[in-house]
1. Could you list all residues from region 53-80 that are under 17 Å from the mean Cα position of the chain (by Cα) and among the polar types (S, T, N, Q)?
2. Check off (1) part of a helix (DSSP H, G or I); (2) within 16 Å of the ligand (Cβ to nearest atom) for residue 59 and give me the number that stays unchecked.
3. How about region 171-193: which of its residues are farther than 21 Å from residue 63 by Cβ, among the charged types (D, E, K, R) and in contact (Cβ under 8 Å) with a residue 12 or more places away in the chain?
4. Does residue 339 fit the bill of being closer than 20 Å to residue 56 by Cβ and either aromatic (Phe, Trp, Tyr) or touching a Gly at 6+ places or on another chain (Cβ under 9 Å) (or both)?
5. Determine which single condition residue 127 fails, assuming it passes every other condition in (1) within 16 Å of the ligand (Cβ to nearest atom); (2) closer than 23 Å to residue 358 by Cα; (3) among the charged types (D, E, K, R).
6. Would you call residue 111 more than 14 Å from the ligand (Cβ to nearest atom), closer than 15 Å to residue 327 by Cα and in a loop (DSSP other than H, G, I, E, B)?
7. Of the residues 86, 146, which single one is more than 25 Å from residue 195 (Cβ to Cβ), crowded, with 20+ Cβ neighbours inside 10 Å and of a type in the set (Ser, Thr, Tyr)?
8. Looking at 84, 128, can you tell me which residue is touching a residue at least 60 places away in the same chain (Cβ under 8 Å) and more than 18 Å from residue 208 (Cβ to Cβ)?
Amino acid sequence: MLDAIRWDTDLIRRYDQSGPRYTSYPTAVQFNQRVGSFDLLHALRDSRKAQRPLSIYVHVPFCANICYYCACNKVITKDRGRALPYLERLEREIELVACHLDPAQKVEQLHFGGGTPTFLSHDELRRLMAHLRSHFNLLDDDSGDYGIEIDPREADWSTMGLLRELGFNRVSLGVQDLDPSVQRAINRLQSLEETRAIVEAARTLQYRSVNIDLIYGLPRQTPERFARTVEEIIALQPDRLSVFNYAHLPERFMPQRRINAADLPSPADKLEMLQGSIEQLTRAGYRYIGMDHFALPDDELAMAQEDGSLQRNFQGYTTHGHCDLIGLGVSAISQVGDLYSQNSSNLADYQSSLDNDLLATSRGLLCNQDDRLRRAVIQQLICQFQLQFAEIERAFGIEFRSYFSDLWPQLQRMASDGLIELTPQGIDIRPAGRLLARSVCMLFDHYLTEQNNQRFSRVI
Ligand code: SF4
């Protein structure tokens, strides 16, 4: 049984630094343009030969309204007519990818993200799922993890009924904050009743899991107001909760320029919000999974963490890390064997590639042996909070301490600061260090330099 996390303000202040979220290693910042669609086709054929199961991600970029905090790849439009031409390109992409895979490869995981996936009409959603089913081996016995991101302002009971009928059994709801003054400051007006209606629909329709996203550090938030939001969300009993840190980077993300910096909470208030929400969630029985994620103890993520099978990929924490990940849609990322490949993030470029019957791969990375080794180390630390050197040594034929000898002084410093326990057998991230797990991972990140450090949000 994993210990709970322990709050240590001094340690947090000392080790809080900008860093990647490690949904992949190497991170997407390292992707280069030497990788193209030819590499993806090769990797797909290897996947077919190895008969690996699949995880499919479909990106729908459209949103009807802009949230000012947004850092996603999206297109803001009220013109619902833009969905159909995009759907036609998605269908073409599905055909081009699927013909290199074996129809027997099971799709264990499916995720629709965005943007707002329900920007598509009911007919368009039906059509997209039918196309996926006719080209991939989607499971029809409800045993797969088929999830979709829902904006409660853009969905109702009939949407939830349709999605369940189409095979979805998990939903992730964007909420962020329930306070009206915070909602006005981020341009996202969404009542508790709208969110509650979707949660109730999910329960009634027997969705297996409900996730809710919250963000702390938004304009006009205070520790008291955020605590009320957390309390009201706990009352809805989501199976999983994500509590993200808002990183204000207006020079990188245009919509954030509409946030008044004077309305942002102070670092001390943010710390209080994080500490308060962790206490509230722990009291309510949620377990800290890692990297902003909490889950009830009977949730699959919590159980996978217990039995050591939890992994992390572009969809966050997952129990399907053994699958090849097929990303469909503008900006979507695939991870097939040792290859990462990303579609163009420009909608016009993505669409025109597919009009020419070409995959829209624009960049990526082929992992080398050192990448694989470091990826295994980072996965262990970020998912299990511990690492056994012998396992890495066996898997990669190295002597851990000599391979990473240059890191030893820093690991020893972390150990004497109480962040980790360092023994001849391995590393244990202590309860006081778990909120800072990525600071430990960053030591093993070969590519991290001061320059690209600036691109990432802080740990806290
Ligand atoms: S936060 Fe989500 S719903 Fe809001 S604009 Fe960004 S992608 Fe769309």
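The values are calculated or read from the model by the stated rules, or taken from the named source; none is laboratory data. Owing to the predicted nature of the structure, the values given are computational and were not obtained by experimental measurement. Ideal geometry is used to build each Cβ from the backbone, glycine not excepted, and the neighbour counts take in all protein chains shown.
1. Scanning region 53-80 gives 55, 73.
2. So the condition that residue 59 fails would be (1).
3. Selection gives 179 alone.
4. Values: closer than 20 Å to residue 56 by Cβ: yes; either aromatic (Phe, Trp, Tyr) or touching a Gly at 6+ places or on another chain (Cβ under 9 Å) (or both): yes.
For residue 339, the condition - closer than 20 Å to residue 56 by Cβ and either aromatic (Phe, Trp, Tyr) or touching a Gly at 6+ places or on another chain (Cβ under 9 Å) (or both) - is met.
5. That leaves (1) as the condition not met.
6. Numbers: more than 14 Å from the ligand (Cβ to nearest atom): yes; closer than 15 Å to residue 327 by Cα: yes; in a loop (DSSP other than H, G, I, E, B): no.
So residue 111 does not fit the description; no.
7. Working: 146 fails: more than 25 Å from residue 195 (Cβ to Cβ).
The conditions single out 86.
8. Details: 84 fails: touching a residue at least 60 places away in the same chain (Cβ under 8 Å).
Residue meeting the stated conditions: 128.
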